[in-house]
Amino acid sequence: MASYKDHKWLMEGEILIYILSTSTNDIWQVRFLNPMGREPRYIRKSTKHKSEALATAFAVDLFNDYRSRALLNLKTEKTTIAYLIEKYSHQFDAVTLKMMNGLNKSYWQRYIKDDDISLYTSDDIEKYFKWRIQDKLNRQALEDRGEKHTKYWRSSEDSISASTLKLERNIMRKLFEVGYKFNYIARIPSFPERFDRMDNVHKLPSNKRRGRFHPVNDYQRIVLPYLRSIYNGLNKPQYTPILENPDKPFNEETNRWRSINSFRNRDRELRDKPITDAQKIYGHTYDRYHHAHFWFASLLIANSGIRPSACHKLRHRDIKLVKDNDDKVYTLINIDQSISKTGKSRVVVCRDFHKTFERYLIFKQEIEYRFNRMITDDHYIFPNTNQKNPYQGHRKKYDGVFRPHFQRMGLHKRELEEYPGVHVFFSAYSFRSFYISERLKNGLDLYTLSKNVGSSPKTILTAYDYNENWEFRRQITQHYKAEPSSDCPGELEDYLSTSSLFS
């Protein structure tokens with residue numbers, strides 16, 4: 001039995017405060033039966049006070065806190081963000097969990113830290129999001145002064161997107177809902193509903209949040225010529241890799257592919273000749289593959305509408321060339337449930353018949369050039385390029401492939417004229433947006449499009465519809481045949497707008 005220098009029972013024997021006989025600083029301790037469960041049987045804590053009165057007040061407050069939690073059926077004396085994420089990670093899908101961990105690392109741990117969230121109120125949540133907005137402005141101020149630099153896309157210098165905050169709010173709410181479901185949180189606080197009414201927050205329409213190609217000015221005049229130049233570079237014999245022994249077939253160990261530039265460096269006569277920019281790219285194994293990756297992935301997404309994340313998880317067995325009863329040849333892509341965002345498998349039909357498969361065969365050869373591997377159906381179409389572990393798994397950070405090419409094309413980002421100071425960024429997803437918008441423009445029915453791209457009709461109409469496109473205007477007015485002519489009268493010329501606000 002423990003021996004005490006001093007001890008006292010409180011609340012008719014419910015609580016014991018005491019000073020251990022071995023104590024050198026005479027700090028009072030507290031002990032009482034755990035009202036929240038069997039483990040641990042007793043709650044023991046230091047009051048951190050030498051004063052009996054202060055120790056008594058601390059002990060009573062602690063006991064009442066535990067008893068209140070027991071009445072609310074809470075399981076622990078303290079619930080943290082990190083604890084809930086770790087304990088209930090299996091409750092979330094892979095995408096949500098990845099974003100949750102990222103938000104926790106970047107923001108929640110900096111503000112909420114290890115605070116007890118089990119009794120968080122609506123005011124606490126409101127204060128967090130106000131801090132979140134201010135943190136963005138503070139970070140921008142540090143960068144403007146050159147005191148800090150971080151790699152992230154800034155849509156605006158002096159505001160944050162309402163959709164960004166809304167996504168974070170929804171993920172945080174899911175975590176609180178799980179905590180409430182399993183009795184780690186007393187109640188789910190209210191979360192802000194309208195971020196766009198807060199200071200320093202901008203809101204874009206759903207169909208303007210990503211960089212989207214103008215069908216003519218961007219896609220036909222910039223993107224397609226750029227992709228065509230890559231295709232031409234890949235297909236020029238003078239840049240094509242060569243086998244170490246051209247008279248024998250490829251072998252992973254004994255007869256590997258070598259870049260044309262490596263042979264050039266061995267020959268003094270060739271080495272002294274000037275090297276062209278095209279040869280620097282397509283005669284170099286890594287640069288050549290980087291361009292081939294962008295070329296094939298871009299056109300694959302633009303002609304199928306699949307999500308970039310699913311595209312980069314495809315295996316060679318997932319792309320097939322089939323001949324239908326109509327004697328037409330189609331390229332089909334299998335989106336397995338394991339890589340589908342919706343968790344449902346589907347077969348995607350490419351819009352350009354066999355052309356996608358032709359490009360696939362070209363890219364498949366580029367994979368062999370780059371990795372010197374015999375390719376099997378189980379291998380990934382876009383394998384990992386990490387130097388420490390190449391070809392193991394699929395490429396994950398594909399933004400590193402797309403961003404440099406968009407920058408070369410001058411399509412990395414664009415300011416929205418109707419939202420001064422706000423930029424949208426082009427990415428691999430821009431090709432998916434282009435595919436969906438073009439199918440809508442060309443009259444593909446919503447059900448078929450929804451099934452092919454794996455998005456609900458509501459999402460398609462909200463985020464991709466060409467509601468401000470010239471084609472939409474032509475469709476609306478095509479029935480109009482009566483006079484007066486639709487040609488603009490001369491007296492209206494001065495009123496014509498050159499703004500892209502309604503383009």
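Overview of results
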quantity: Residues of the stretch 384-409 satisfying the condition of being under 15 Å from the mean Cα position of the chain (by Cα), crowded, with 17+ Cβ neighbours inside 10 Å and within 18 Å of K98 (Cβ to Cβ); calculated: R395, Y398
quantity: Conditions (1) modelled with pLDDT of 85 or more; (2) touching an Asp or Glu at 6+ places or on another chain (Cβ under 8 Å); (3) not β-branched (V, I, T); number of the one not met by L165; calculated: (2)
quantity: Qualifying helices (runs of 4 or more DSSP H) (wholly inside the stretch 234-335; at least 1 residues being surrounded by fewer than 13 Cβ atoms within 10 Å (Cβ to Cβ) and more than 37 Å from the chain's Cα centre (by Cα)); calculated: 260-266, 268-271
quantity: Some residue of the stretch 94-114 being outside any helix (DSSP H, G or I), in contact with a Ser or Thr (Cβ under 7 Å, 6 or more places away or on another chain), loosely packed, with under 15 Cβ neighbours inside 10 Å and of a type outside the set (G, A, S); calculated: yes
quantity: Filter result (assigned to a loop (DSSP other than H, G, I, E, B) and over 13 Å from T56 (Cα atoms)) within the stretch 1-12; calculated: M1, A2, S3, E12
quantity: Matching residues in the stretch 112-151 - criterion: being modelled with pLDDT of 95 or more and among the aromatic types (F, W, Y); calculated: Y128, F129, W131
quantity: Checking V216 against (1) among the aliphatic types (A, V, I, L, M); (2) without any contact (Cβ under 8 Å) to a residue 60 or more places away in the chain; (3) surrounded by 12 or more Cβ atoms within 10 Å (Cβ to Cβ), the condition it does not meet; calculated: (3)
quantity: Residue match in the stretch 226-233 (condition: in contact with a Gly (Cβ under 9 Å, 6 or more places away or on another chain) and assigned by TED's automatic domain parsing to the domain that holds A278); calculated: no
quantity: Number of positions in the stretch 1-40 that are of a type in the set (D, E, K, R) and on the phi > 0 side of the Ramachandran plot; calculated: 2
quantity: Some residue of the stretch 22-33 being among the charged types (D, E, K, R), surrounded by fewer than 14 Cβ atoms within 10 Å (Cβ to Cβ) and at pLDDT 90 or above; calculated: yes
quantity: Number of positions in the stretch 361-407 that are under 15 Å from Y289 (Cβ atoms) and part of a helix (DSSP H, G or I); calculated: 15
quantity: Subset tally (residues that are in contact with a strand residue (DSSP E or B) (Cβ under 9 Å, 6 or more places away or on another chain) and either crowded, with 17+ Cβ neighbours inside 10 Å or in a loop (DSSP other than H, G, I, E, B) (or both)) for the stretch 414-440; calculated: 7
quantity: Residue among R403, R395, R373 that alone is in the same structural domain as N232 (by TED's automatic domain parsing) and either within 13 Å of F296 (Cβ to Cβ) or polar (S, T, N, Q) (or both); calculated: R395
quantity: Hey, T80 under 41 Å from the mean Cα position of the chain (by Cα), exposed (fewer than 13 other Cβ atoms within 10 Å of the Cβ) and among the β-branched types (V, I, T) or not; calculated: no
quantity: The lone exception for T448 - which of (1) among the polar types (S, T, N, Q); (2) over 23 Å from K328 (Cβ atoms); (3) out of contact with any helix residue (DSSP H, G or I) (no Cβ under 7 Å at 6 or more places or on another chain); (4) assigned to a helix (DSSP H, G or I) it fails; calculated: (2)
quantity: Residue count for the stretch 38-60, restricted to those that are surrounded by fewer than 11 Cβ atoms within 10 Å (Cβ to Cβ) and either touching a helix residue (DSSP H, G or I) at 6+ places or on another chain (Cβ under 7 Å) or not in a strand (DSSP E or B) (or both); calculated: 5
quantity: Candidate set: the stretch 453-482, residues that are at pLDDT 80 or above, under 27 Å from M409 (Cβ atoms) and not small (G, A, S); chosen: the one surrounded by the most Cβ atoms within 10 Å (Cβ to Cβ); calculated: V453
quantity: Members of the stretch 174-210 found to be charged (D, E, K, R) and closer than 28 Å to E157 by Cα, listed by number; calculated: E193, R194, D196, R197, D199, K203, K208, R209, R210
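For (1) touching a residue at least 24 places away in the same chain (Cβ under 8 Å); (2) over 30 Å from F213 (Cβ atoms), each residue gets a yes or a no:
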residue	(1), (2)
I362	yes, no
R370	yes, no
D378	yes, yes
N389	no, yes
R395	yes, no
D399	yes, no
L411	yes, no
R414	yes, no
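The values are calculated or read from the model by the stated rules, or taken from the named source; none is laboratory data. Bear in mind the structure is a predicted one, so any value in this text is a computation, not a measurement. Don't worry about glycine lacking a Cβ; one is built from the backbone with ideal geometry, like all the others, and counts go over all protein chains shown.
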